[in-house]
Amino acid sequence: MQKLMTRMLPLLPIGAAALITASCSHSGTVQARTIAPEIPTVAVTRAVTDDLSRGLVLTAEFKPFQEIDVMAKVSGYIKEINVDVGDRVTQDQLLATLEIPEMADDMHRATATLDRSQAEVARARDELQRAESAHEIAHISYQRLSAVADKKPGLIAQQEIDDARGKDLVSEAQISAAKSALAAANEQVGVSKAEQQKVQTLFEYTRVTAPFTGVITKRYADKGSMIQAGTASQTQAMPVVRLSENSLLRLILPVPESSVPTVHIGQQVEVQVPALHRGFPGKVARFSDKLSLNTRTMDTEVDVPNPSLVLIPGMYAEVNLTLDRHNAVIAVPVMAVDPDQDRPSEGRVMVISPNNRVEVRKVQLGLETANMMEVRSGLNEGDTVVLTGRGSLQPGQEVKPKLTTLAASSGS
């Protein structure tokens, strides 16, 4: 045993050295693998040319373009009513007829008065003709006597000549009186015609017609109902029907003060109706041009055509009012831009070069929508920009870009 131990002692240093060498070699391999850096993968997208718009979504309620309670202009009983709720009527269509018995008597009386006035005109015309004939005879007699007296003085008494001259002047005055009577009779005919026309106009008021094309939304009276004349706003006269023009609806939008300068007449808007899950075109038709002191908003009216009457007054609608629009601009997602806190119109983006190296660029910013940002300078169409994880990247660092396609969002 001692001999075996004696033989193994010289081999111990060699074994120990081999173990140490093997251990150092393994440790070096592990250390080399730990130090070798890994190339990170980053999500990127491309700068595109797009149309950007910034809008404001406002909610309003559809109202008829115009709506009135149709009143009767004269008092009477409803003889016939020709429409009911939901009926579509056209302008000047007969809605109801009133019965006013005493109005027929008024028409007869006005007609009789006109006939009498016309008879007075005929009598005055005859009187004028008689006066003209009498004047002609008196004038001829006076002229003959005057001619004889001039040729043979003293043959005819002066008294006789004076009497003839007086008759001539009287007959001439009678002509003037007859002409005045004829003019008065003609004037009376005009008065009688006006009175007859007045009664005729009141008689036509017994026909209640539609002032414009629309839909009957309410019926107040039935056949036989007594209707008072709606000639004054203070009276409590009962209307016949309510008429609404629904082929064109209006939305009254409260536009905030900050957005008022961007609103203009004729501006096209998109109207979404949640109840119908549909969109309709609209147009800014008018605005109050004055801010409400309580809400700091300006009432802006949008007209929405409704030819098929699918839209019902009272429905809610969401209006996308475009405040600003830039067409064919370079755009990137908002998440790809680091804006400058001191200069909102400037910012930075990280661009991946063709050799997959990170490059930081300063850019000039423009219109910002909910998802996209306009880049006025600093980028070209097709440049690859980093979307996320920019905090861990350094300029010049090599990366593995992973292209991410985002949903297009050029609207507000």
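The values are calculated or read from the model by the stated rules, or taken from the named source; none is laboratory data. Here the structure is a predicted model, which is why all the values come from computation and not from measurement. Here the Cβ positions follow ideal geometry from the backbone for every residue, glycine too, while neighbour counts run over all protein chains shown. Side chains are part of the model used for accessible areas, which takes the heavy atoms of the whole protein and leaves out ligands, DNA and RNA. Shrake-Rupley method; radii C 1.70, N 1.55, O 1.52, S 1.80 Å.
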Task: Answer residue from region 136-162, given it is within 21 Å of SER176 (Cα to Cα) and open to solvent by less than 60 Å² (accessible area, probe 1.4 Å) and is modelled with the lowest pLDDT among those - done: TYR142
Task: Residue list for region 138-182, filter: basic (Lys, Arg) and without any contact (Cβ under 8 Å) to a residue 40 or more places away in the chain - done: ARG144, LYS151, LYS152, ARG165, LYS167
Task: Every residue from region 312-329 that is of a type outside the set (D, E, K, R), open to solvent by 50 Å² or more (accessible area, probe 1.4 Å) and more than 18 Å from the chain's Cα centre (by Cα) - done: ASN327, ALA328
Open item on the list: Return the residues of region 57-85 that are in contact with a strand residue (DSSP E or B) (Cβ under 7 Å, 6 or more places away or on another chain), of a type outside the set (A, V, I, L, M) and open to solvent by 50 Å² or more (accessible area, probe 1.4 Å); say none if nothing qualifies.
Closed with: THR59, GLU61, LYS63, PHE65, GLN66, GLU67, ASP69, TYR77, LYS79, GLU80, ASN82, ASP84
TODO: Can you confirm whether region 238-246 contains a residue that is touching a residue at least 12 places away in the same chain (Cβ under 8 Å), more than 14 Å from VAL70 (Cβ to Cβ) and under 21 Å from the mean Cα position of the chain (by Cα)?
DONE: yes
Task: Lone qualifier among LEU309, LEU276 - being among the aliphatic types (A, V, I, L, M), surrounded by fewer than 13 Cβ atoms within 10 Å (Cβ to Cβ) and under 30 Å from ASP84 (Cα atoms) - done: LEU309
- [ ] Take region 124-135 and flag every residue that is more than 18 Å from LYS167 (Cα to Cα), surrounded by 13 or more Cβ atoms within 10 Å (Cβ to Cβ) and out of contact with any Lys or Arg (no Cβ under 9 Å at 6 or more places or on another chain).
- [x] ARG125
Open item on the list: Looking at region 312-327 only, could you name the residues that are modelled with pLDDT of 90 or more and in a strand (DSSP E or B)?
Closed with: TYR316, ALA317, GLU318, VAL319
TODO: Working only within region 38-52, note down all residues that are out of contact with any Lys or Arg (no Cβ under 6 Å at 6 or more places or on another chain), among the hydrophobic types (A, V, I, L, M, F, W, C) and closer than 11 Å to GLU398 by Cβ.
DONE: VAL42
- [ ] Give me the pairs, please: first residue somewhere in region 251-274 and closer than 16 Å to ASN294 by Cβ, second residue anywhere and loosely packed, with under 14 Cβ neighbours inside 10 Å and charged (D, E, K, R), beta-carbon distance under 9 Å, and either six or more positions apart or on two chains.
- [x] ILE252/GLU61; PRO256/ARG296; GLU257/ARG296
Task: Pair list, Cβ < 8 Å and 6+ apart or interchain, from region 297-311 residues that are in a strand (DSSP E or B) to residues that are of a type in the set (Ser, Thr, Tyr) and open to solvent by 10 Å² or more (accessible area, probe 1.4 Å) - done: MET298/SER288; MET298/SER292; ASP299/SER288; ASP299/SER292; THR300/SER288; PRO305/SER247
